[in-house]
Amino acid sequence: MGPLKWWMNVAHTDHLDRASSTTRAKRTISGPRRTRSIDAYLRQTRLVALFALAALVAGVVSDFTDGSFWRHHSLLAGLVSSVLVVMLSAAVINEIIESRRRQRWSTLAQYVMFELVRNARMMWLGVLDVSGLLPSSDPQNDFVERSSRIVRDTSRLTTAVRAVLENPETHQHLHREIAFCSEHADEVLGRWAGVMLNVELYAEMIDRHVELAGDVSWIGAILDNEYPPDDARRRSRARSSPAVQIAVEPGSHWLAERVVIITQLAETLDRRTLEIALQIVPIDWWKERLGTKTSAQSRNHP
């Protein structure tokens, strides 16, 4: 093989390798591996456990009704039994262990979820407040629901956030609100993330709130870099943030869209986390427990 032909082959191979690596990179670009929602995660794990039990029952029944088939196909019988054992171990036993873990840490998990709800709610209510869209707190009982409907109105919220960013005074107010929410999220997650990672369900939930906190921190770093605050600590953090290396579109329209997306994500996590938290320990249990304590105290201290 001549030098020219050898070099052409090497160049062609290198081109194919680069194309292949580019294709693999495109295929592997994806978000975190998780279910669409927490409810979907619970349904998925329980369906796998039920399927494993159904497969075991079907295998036992078939052994009684047509045992000759399994005797004549010993290799297949061995493979099927091994699969059933793996399915039972991975699904049923794992579900039982996870369920016991969730029950053991139920009150602590509910407390942490309430803190996550509070953190997410501070974010989206803060954006509504700065944007002038926060409804009156009277009546208080449906204040959150009325505020949620405003957040879900994308066009109205986007218009209001754009107006905030175009006004230097309100822009600075939103900047401070995002910085405060970013620091508060770091505090909450730093305190409780390690606890929630011990159970699969709680780990998936905390991962979604980490995504929200990461988005807020990213926007906060960009704003701190473009509009350096008086706080030297925040200026130092902004300079060292990886967010400054990521190219962003100039202008307030891009930033307004990102703020709207983060606000709607916070509102969605608020609702879904609260639903799961109220399922872990029902409100009636707390009412009964508090009522029992009150009765006991009244008997001991007439």
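Quick note: the coordinates plus some simple rules give every number you see, no bench work behind them. Just so it is clear, the model here is predicted, and its values are computed rather than measured. Every residue, glycine among them, receives a Cβ derived from its backbone with ideal geometry; neighbour counts consider all protein chains shown.
For every residue, the table says whether it meets (1) among the acidic types (Asp, Glu); (2) in a helix (DSSP H, G or I); (3) within 16 Å of the chain's Cα centre (by Cα).
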| residue | (1), (2), (3) |
| --- | --- |
| 186 | yes, yes, yes |
| 194 | no, yes, yes |
| 212 | no, yes, yes |
| 217 | no, yes, yes |
| 221 | no, yes, no |
| 228 | no, no, no |
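Against the list (1) touching a residue at least 12 places away in the same chain (Cβ under 8 Å); (2) farther than 20 Å from residue 124 by Cβ; (3) charged (D, E, K, R), the condition residue 235 fails is (1).
Yes or no, residue by residue, for (1) surrounded by fewer than 20 Cβ atoms within 10 Å (Cβ to Cβ); (2) touching a helix residue (DSSP H, G or I) at 6+ places or on another chain (Cβ under 6 Å); (3) of a type in the set (Asp, Glu):
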residue: 169; (1), (2), (3): yes, no, yes
residue: 178; (1), (2), (3): no, yes, no
residue: 200; (1), (2), (3): yes, yes, yes
residue: 213; (1), (2), (3): no, yes, no
residue: 224; (1), (2), (3): no, yes, yes
residue: 237; (1), (2), (3): yes, no, no
residue: 242; (1), (2), (3): yes, no, no
